[in-house]
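The block underneath contains the structure these notes are about, expressed in structure tokens.
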Amino acid sequence: MSFKVLAAEVFHETNTFSIHKTDEAAFRNRFFLSGEAALKERSDANTELAGFLDASQAYNWDLTPVLSANANPSGQVTQAAFDWFCAPIVAKASDGNFDGILLALHGAMVPDFCEDGEGELLRRIRQVIEKSIPIAITLDLHANVTRQMVELADIIVSFKTYPHIDMRKIARQAGDVLERTMAHDIFPRTIMARVPMLEEVNGGRTDIGPMLGRIEKAITYEKEKDVFAVSINAGFASADISEVGPTVLVTGQGDFDAHQSFAQTLADDIWDKRHDVLNRYWSVKDAAHYAAAFEPTKGPLIIADYADNPGAGAYGDSTALLKALLAVNIKNACFGPMVDVSVVEQLQCCVIGSSTQISLGGKTEPSFGGEPLVVNATLKLLSNGDFVGDGPMMAGLKNSFGALAVVRVDEIDIVITTLARQMLDLQQFKAFGIEPEQKTVVAIKSMQHFRAAFEPIAGEVIISDSGALCTPRYDRLPYKNVPRPIFPLNEF
């Protein structure tokens, strides 16, 4: 029997502390693709849609992809934007007579009218379909999983890697479980264990540290007869919501007491290791002085500004690290991105090779990451900012920084952009005439995702905290809605 399946992708990781609301334009700036356009763009890459298609081809489904939508992490999603992308999914679910539904979601979307975007989308879909129709969802490892999501989705499968490189694999797993559910071979539901933390203390890193052992245990438990998926979600601390933080999910059937006990064991391990921090967060001053003395033997020094990561909703215009690097006269370096629309506009009328004074960065909230820097810059390149990734996360996928300029200040090549994007692919430099492998110092704005592409070329990697919006110093952020007590805002 061939099943009829609806599929859609909708992603947003909402930093509720950001002053930038996420509207329709924000989705269109990243991508908003209809079903056919999504297939053309995303079906042959490491995406959830590709994994859904793998399942569809394996099981001869009649698959209807409705849309794929994503906005860069930023502030709350406006109700108008939320209604706009929900409407076609709900409409198709209502009139499609589907046997099952597959949704690729993030798990940390916060609209401006409720705290749980994914749960609200699921609620709207459940209102228009038969209760018996199974829904399978995939989630980012940084999901803040809610009770509503667990109640309304029969099957939940989260990424097991950070940097995220298993999107297609996880989507195929969700499809496999959905196939068995539609065939009435299994009857899954999902249970959850939670701990009172803003996030797993290392953000869910799976390259080193305790998450490796947890993931190994999860995969082993998935081999049990009545277990179909185990998901360990690190949570997303930049969302000031009541259901924030790490969770462990088991999608299965049968002995749910055993499943709950297993989930709680992993959750307890997250809690017990809450003080075991892997990252050393260098001050920008210390990072700059270390960089000034660095002698590359195997590759450049990679300095990742964790706090100004646009991939977690930071503004991308923090100047603190750049200022520190300039202060020690760093040689043969590159830096990116610096998000500054006004400077890119200013440079449009300049001649390549000319020098001009610019007031760079620090314009959004200078209290997070530093004031604007007044510098003399030599214009090296102007571009529309489009690039195609070639690394483990983005291979073959189109993306854009928006209109951009590359300038040289002293001996630092700086990528100045109009759209905030996390650095996670070498093409974000290479496409604009910068060869990071040939630099002594490469300064980037990213948390963990950069490691997939940049660690292979690195002589060494260090992490810096510029004090920008995604600072790990959570006491600087005005939390109002998270439950109390919660670690690390409160002592236990």
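The values are calculated or read from the model by the stated rules, or taken from the named source; none is laboratory data. Every value quoted in this text rests on a predicted model; they were computed, and no experiment measured them. As a convention, Cβ positions derive from the backbone with ideal geometry for all residues, glycine included, and neighbour counts pool all protein chains shown.
Listing for the model above:
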| item | result |
| --- | --- |
| Any hit, region 78-93, residues being surrounded by fewer than 24 Cβ atoms within 10 Å (Cβ to Cβ), without any contact (Cβ under 8 Å) to a residue 40 or more places away in the chain and farther than 30 Å from Asn481 by Cα | yes |
| Filtered residues of region 97-117 (kept if surrounded by fewer than 21 Cβ atoms within 10 Å (Cβ to Cβ) and not hydrophobic (A, V, I, L, M, F, W, C)) | Asn97, Asp112 |
| Elements of type helices (runs of 4 or more DSSP H) contained in region 249-360, each with 1 or more residues being among the β-branched types (Val, Ile, Thr) | 256-272, 284-293, 341-347 |
| Qualifying residue in region 267-275 (condition: in contact with an Asp or Glu (Cβ under 9 Å, 6 or more places away or on another chain) and of a type in the set (Val, Ile, Thr)) | yes |
| Number of the condition not met by Thr251 [criteria: (1) under 30 Å from Glu460 (Cα atoms); (2) crowded, with 23+ Cβ neighbours inside 10 Å] | (1) |
| Residue in region 463-486 that is of a type in the set (Asp, Glu) and more than 29 Å from Lys21 (Cα to Cα) present | no |
| Those residues of region 82-100 which are touching a strand residue (DSSP E or B) at 6+ places or on another chain (Cβ under 9 Å) and at pLDDT below 95, in sequence order | Gly96, Asn97 |
| Residue selected from region 207-223 under the condition under 30 Å from Leu63 (Cβ atoms) and in contact (Cβ under 8 Å) with a residue 12 or more places away in the chain, by the criterion surrounded by the fewest Cβ atoms within 10 Å (Cβ to Cβ) | Ile219 |
| Test: residue in region 180-189 that is surrounded by fewer than 18 Cβ atoms within 10 Å (Cβ to Cβ), touching a residue at least 24 places away in the same chain (Cβ under 8 Å) and part of a strand (DSSP E or B) | yes |
| Any hit, region 170-188, residues being out of contact with any strand residue (DSSP E or B) (no Cβ under 7 Å at 6 or more places or on another chain), closer than 14 Å to Ala104 by Cα and not hydroxyl-bearing (Ser, Thr, Tyr) | yes |
| Residue match in region 129-139 (condition: part of a loop (DSSP other than H, G, I, E, B), touching a residue at least 60 places away in the same chain (Cβ under 8 Å) and under 22 Å from Asn60 (Cα atoms)) | no |
| Top-ranked residue in region 121-169 [being among the polar types (S, T, N, Q) and touching a strand residue (DSSP E or B) at 6+ places or on another chain (Cβ under 8 Å); ranked as surrounded by the most Cβ atoms within 10 Å (Cβ to Cβ)] | Asn144 |
| Top-ranked residue in region 43-59 [being in contact with a strand residue (DSSP E or B) (Cβ under 6 Å, 6 or more places away or on another chain) and closer than 15 Å to Ala395 by Cα; ranked as surrounded by the most Cβ atoms within 10 Å (Cβ to Cβ)] | Glu48 |
